[in-house]
Amino acid sequence: MGARSEALAKRIIEGAEALAAYSEGLSDEQWTTRLPGDGRQVGVLVHHVASVYPLEVQLAQTLAAGKPIEGVAWSDVAAMNANHAKENAGVTKAEALALLKKNSAEAADAIRVMSDAELDSAATVSLNGNAPLTAQFFVEDHALRHSFHHLSKIKATLG
């Protein structure tokens, strides 16, 4: 394990723990509050963050192997998110937080074993206009940023 991969893994856990700590104190009413513009419930967003860690890591590993991410458009992401929201509308706080803890730990473990060369490996990413992005950028922009991004939006909604 390298220093960079360990730092990335720690920041993934930091974000997940911050999201969990904030979410643990939410009332049932807050848990089911819908975010303006997004429309998803707070609890669904927490579960969403937890549920996509495996995919985010898999895509980062694809780049780490020097392979492009092809055929994935933002419309696919929107459809996946809408389907997830529909299927998980009644998710409980306990379920979402347990999945957040499990999947963030597994994501961090997967990132910890990446070498500096793998983190530096770049290939095109269809989600980003086929820009050649590094695996490290993808980790930072997805698995690491995701919990902070949604936590910020949740806090802004709930005040």
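In the chain, a dipole from Cβ-located charges (positive for Lys and Arg, negative for Asp and Glu) runs towards its positive end, and of G15, S115, A89 it is A89 whose Cα lies farthest in that direction.
Across the cross-link table entries K10/K86; K67/K153; K67/K101; K10/K93; K86/K153, which are compared at the Cα atoms, the separations over 22 Å belong to K10/K86; K67/K153; K67/K101; K10/K93. Electrostatic bookkeeping for G2 treats Lys and Arg as +1 and Asp and Glu as -1; over the other residues with beta carbon under 13 Å from its beta carbon, the sum is -1.
At 222 nm, what helix-only mean residue ellipticity would the chain give, in deg cm²/dmol to the nearest 500, using -39500 (n - 2.57) for each DSSP H run of four or more? Theoretical 222 nm ellipticity from helices: -21500 deg cm²/dmol.
Summary of packing: across the peptides 98-104, 149-155, the per-residue average of other C-beta atoms within 10 Å ranks them, highest first, as 98-104, 149-155. Shown for the chain are the DSSP H helices of 30 Å or more along their axis, judged by Cα atoms, with a mean Kyte-Doolittle hydropathy of at least 0.5: 42-64.
Values quoted throughout were computed directly from the atomic coordinates according to the rules given, and no laboratory measurement underlies them. Source: prediction; values computed, not measured. FYI the Cβ positions are ideal-geometry reconstructions off the backbone, even for glycines, and counts take in every protein chain you see.
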